[in-house]
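Let me begin by presenting the structure, written as structure tokens, before commenting on it.
No value in this document is a laboratory result; all are computed from the given coordinates. Given the structure is predicted, the values throughout are model-derived calculations rather than measurements. Cβ atoms come from the backbone with ideal geometry, glycine included; neighbour counts cover every protein chain shown.
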Amino acid sequence: MKDENIIGLYFERNEKAIAETDKKYGKLCFSIAHNILQSPEDSKECVNDTYLHLWNSIPPVKPKNFPAFISKVARFVSFDRYDFLHAKKRFSEGEVPFEELEEVLSDDRMKKETEDSELGEIIDGFLRKEKTDSRNVFIRRYYFCDSVSEIAKRFAFSESKVKSMLGRTRKRLREYLEKEGVRL
Amino acid sequence: MKTPKIAKALGFIGDDLITEAMDYRPKKKAPFKKMLALAACFCFISILVLALPYISGASAEDPDWPKTHFETESYEEIAAKCGEDLLIDKLAVKEDFHSEYILEIRKGGSFENPADFIGLSATVNYGKSIFDSEGEQFFCFISFNGKADGVFIDEYLRSGEFETKEMTVDGYSVKYAEMEPLNKINANRIIAEFEYGGYKYYVSSESPNPEFFGDMMENMLG
């Protein structure tokens, strides 16, 4: 089913919307959640929470890019659960590359009162100036939280090349954020 | 560790960037496209038959990286460690280029002891930088221990997903396959493997020029 038709079902408050979303984007949601949580059970719960969030937000929201919208919701829901589990000490550190990201900008090095959305826009500006390969490798790693080996396979690069590209992009982003005054 | 703000902030990048990263996967060239390309380039086929490979890249970022990897942009420096008979001096075929060489050794090994060598990656880019994805580029991984861990050229060539072909350059047999290009500029993307000097070579090339791969193989092995 086309995305606009699925969104139409949400607007009609037709519960088939969830089934169609699951059919088309269930794997995407699970993959994002699992990359972050490393637990099938928690990931399944996150996928369900994602659908609930979609159900509650559409309408009034009418996503222009449905898969991107879903991925953002799945990501936020999964990070919330990650933090919850972490606070409860029910979480073992998995593949999530937080340390690599903190190398770019740790919370304590971030300029006070910087909103996530503001930082996101700055990173967006940076990524648009990057070469296509570097940008996509970066987004696969730090947005979708793919492992290095998954990225290498997807792009037909060696793992060491992926690591190298990521390292260089992180370095450029760190410098960019300093220049933008976000990184102190 | 709690989710850092930068991780959450990444959720605010543009939808188009997300779908771009979501959609891309290397694919086998469509047969009709291949036929068209072959027809259009018929006069070059004889040259292509004499030609060859293309490669990928290397480097890394883990705590032990500096202990197990020697990275340089200088051919002289890498030749001083690995010797001069590895063909990598033949990768630079134009005056202006960027190069990067990475020698990987086993953990606890020495960069001075060839017995510890695992592999050598050499990347040459004729664009604006070593990572200019739109620049004509050639990558070569030389496996010193016979393994190709993390070098997906090997995996792709054996996957059956891509039509592999063979060619001979000066007595050396080269197995290669065309892949879907990563961008519109470098429309000719080829991966290949061959043996030279007792080592396995994995190469990849990206170029707008359909003859580039063949020329590079001729230059290396001819």
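With a Förster radius of 60 Å applied to the C-beta separation of B:N113 and A:H53, the computed FRET efficiency comes to 0.60. Counting only other chain Cβ atoms within 10 Å of each residue's Cβ, the peptide A:39-52 averages 0.
Residues B:I190, B:I102 in ascending order of nearby Cβ atoms (within 10 Å, fewest first): B:I102, B:I190.
Look at the stretch A:131-142: the mean tally of other chain Cβ atoms within 10 Å of its residues' Cβ atoms is 5. With R₀ set to 35 Å, the beta-carbon distance separating B:S159 from A:R13 gives a calculated FRET efficiency near 0.15. The distance separating the Cα centre of the range A:30-107 from that of the range A:133-160 comes to 19 Å.
Can you sort B:M179, B:M1, A:M165 so the residue with the fewest Cβ neighbours within 10 Å comes first? In order of increasing Cβ crowding within 10 Å: B:M1, B:M179, A:M165.
Among the trypsin sites (Lys or Arg not before Pro) found in the range B:98-185, those both in a DSSP coil and sparsely packed, with 12 or fewer other Cβ atoms within 10 Å of their Cβ, are B:K107, B:K128, B:K147, B:K184. Each of A:E4 and A:S149 was given a label point 7 Å from its Cα along the Cα-to-Cβ line. The distance between the two points is 4.3 nm.
The mean number of Cβ atoms from other chains found within 10 Å of a Cβ in peptide B:131-144 is 2, as a whole number. For the range B:118-222, the Cβ-based charge dipole about the Cα centre amounts to some 220 debye (Lys, Arg positive; Asp, Glu negative; other atoms uncharged). Listing A:S71, A:S106, B:S99, A:S43 from fewest to most neighbouring C-beta atoms within 10 Å gives A:S106, B:S99, A:S43, A:S71. 3J(HN,Hα) couplings calculated from phi for the range B:103-112 with the Karplus curve 6.51 cos²θ - 1.76 cosθ + 1.60 (θ = phi - 60°) are, in sequence order, 9, 10, 10, 6, 4, x, x, 10, 5, 8 Hz; Gly and Pro show x. The trypsin sites (Lys or Arg not before Pro) found in the range A:1-91 that occupy coil by DSSP, while having at most 16 further C-beta atoms within 10 Å, are A:K2, A:R13, A:K64, A:K88, A:K89, A:R90. Per-residue Karplus couplings for the range A:165-172, computed as 6.51 cos²θ - 1.76 cosθ + 1.60 with θ equal to phi - 60°, are listed in order as 4, 5, x, 6, 5, 4, 5, 5 Hz, Gly and Pro entered as x.
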